[in-house]
Each structure stands twice: as C-alpha cells, then as structure tokens.
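The values are calculated or read from the model by the stated rules, or taken from the named source; none is laboratory data. This structure is a prediction, so every number in the text was calculated from the model and none was measured. Note: ideal-geometry Cβ built from the backbone for every residue, glycine included; neighbour counts use all protein chains shown. For accessibility, only protein heavy atoms count, side chains too; no ligands or nucleic acids. Shrake-Rupley method; radii C 1.70, N 1.55, O 1.52, S 1.80 Å.
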Amino acid sequence: MFTGIITDIGTVTDVRNTDEAALITLTASSALEGIAYGDSISVDGVCLTVTEFTAEDFTADVMAETLRVSTIGNLKAGDRVNLERAMPASGRFDGHIVQGHVDGIAEVTAIKPAARWSEYSFTIPTAVGRYLVPKGSVAINGTSLTLTQVKDAGDATAFGVSLIPTTLSETTLGSLEVGHKVNIEVDVIAKYVERLVK
C-alpha cells in the first residue's frame, strides 16, 4: 500500500518489450535506499515489483494488463516519473489509501497558473469519474490530491485539482501540459461501497 506522497523522481533508462509485457529500468535516488528484490515501488501510480537493482537503478516487470490500462506502456528512455516506496506498517499516513492499481487514464484539459497555486483540469470516462466527489481524494500519477470540482457530462467526467508550488516542484505534475495523459486511481472505499450496496 502507498500514501500518494511522492518521495523521489526517477528517470527511465531502458524499456525492453517482450511478448505482451515489458521490462523497465529506472534510475532513482532515495527510492533505492534499503531496496530489496521483490519490493514494491509505485511508478507514476502503478505498483511495480523490483526484479533487479543496483546502487543507481532498478528494473521491474510490467504485465500486459498494466500496459493496457495505464500510461506505463508509453514510457521511453529519458521520461521522468513519480516514485514512492510501499508504506511500512509503522509509517506516517500523510496522504490517502493508494493501492497502485490504476483505474483509468485522464487527459489534461486546462492549466490556470496563479500566484500560490495552479488549477489543473482533466477529463476521464464517467465509468471511472463516477467515483470522484468534490473534496474527495484522487491519485494522479501516484500523487495524493484533493478534488476541487467534479462535473459529469454525458460519457465523460470533468474534474479539477489545485497544485501548490511544492507539489509542482517535487513531482512530475509541474511538467504536465494540456493534452497529456495521466494515471488515475480513485478512492478504493468508493468502489467497495458500490459493490456492497448492489
């Protein structure tokens, strides 16, 4: 489990495509401290398992389903990604419950910079957007954020978040542009509630 508090930014150094899967190697700094074979690391919000590592980088297997439902399949050498190690049982819970299981891909539709924060707007299919609520939690490329607005319109849901300078500088969200695609994980509690009340 993760909290959505990004602790490191990694850089993709190699992508090796295999039969319906891929091996991705990334450089990192603090995310490598105490790393071990089999550890879980969130890469842009996708929980991946460490299969190889050195003092400078780590490699992870990516299965076909992950390539299909996330932006991981579009990564190439040189791309920067948000990293978070799995939360220890004794760790601080600074964000919200994040599993590293991407629910869908959203598109950036608008960016409005302001003096102390910037407003980012996105759209996502309503099949995923129905789990979003104003002031609720969402993980965007693995980053825990609070929703400022949510509006359903036909087959799509428009939603927004406000990003403070720290978030813009300490994650890759500051490099997003209109048209970019991002990984979205909704609050898992909403999915459990829907399942139980059916």
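LYS181 contributes an accessible area of around 110 Å² to the protein surface, as traced by a 1.4 Å probe with all chains present.
Once you sort the root eigenvalues of the Cα gyration tensor of region 51-198 as a ≥ b ≥ c, which label holds: rounded (a/c under 1.5), prolate (a/b larger than b/c) or oblate (the other case)? In terms of gyration-tensor shape, rounded.
Taking the chain as a Gaussian network, where each spring joins two C-alpha atoms under 10 Å apart, which residue of THR54, THR167, THR157 fluctuates the most? Checking each option, the largest mean-square fluctuation is seen for THR54. Taking every C-alpha pair closer than 8 Å and separated by at least 6 residues, the mean separation divided by the residue count of the chain gives a relative contact order of 24 percent.
When all protein chains stay in place and ligands, DNA and RNA are ignored, the 1.4 Å accessible-area order of SER162, SER70, largest first, is SER162, SER70. For region 44-113, the set of GluC sites (Glu not before Pro) satisfying both a DSSP loop assignment and a count of at most 15 other C-beta atoms within 10 Å is given as GLU56. With one equal scatterer per alpha carbon and no solvent term, the Debye-computed log10 I(q)/I(0) for region 4-92 at 0.24 1/Å reads -1.29. Counting only protein heavy atoms and using a 1.4 Å probe, the accessible area of HIS101 comes to about 100 Å². Other residues with beta-carbon under 11 Å from the beta-carbon of LEU23 carry, at +1 per Lys or Arg and -1 per Asp or Glu, a net charge of -2.
In what sequence, highest mean first, do 173-179, 89-95, 28-34, 140-146 appear when ranked by Cβ atoms within 10 angstrom?
Highest to lowest by the protection proxy: 140-146, 28-34, 173-179, 89-95.
Against the main long axis of the alpha-carbon atoms of the chain, helix 188-197 sits at an angle near 60°.
Rolling a 1.4 Å probe across the protein heavy atoms gives region 39-198 an accessible surface of 52 Å² per residue. So the label point goes 7 Å from the Cα of LYS191 along Cα→C-beta, right? Which residues of region 31-61 then have their backbone N under 19 Å from it? Once the point is set 7 Å along Cα→Cβ of LYS191, 40-49 turn out to lie under 19 Å by backbone N, inside region 31-61. Among residues other than GLY10 with Cβ under 10 Å from its Cβ, the summed charge is -3 (Lys and Arg +1, Asp and Glu -1). Once the Cα-Cα distance is subtracted from the 0.36 nm per residue extended length, the VAL69 to ASP94 segment shows a gain of 6.3 nm. Here is how the number arises for the chain: DSSP H runs of 4 or more residues each give -39500 (n - 2.57), the sum is divided by the residue count, and the result at 222 nm is -3000 deg cm²/dmol. Surface composition of region 94-198: carbon plus sulfur atoms hold 55% of the accessible area, using a 1.4 angstrom probe and ignoring ligands, DNA and RNA.
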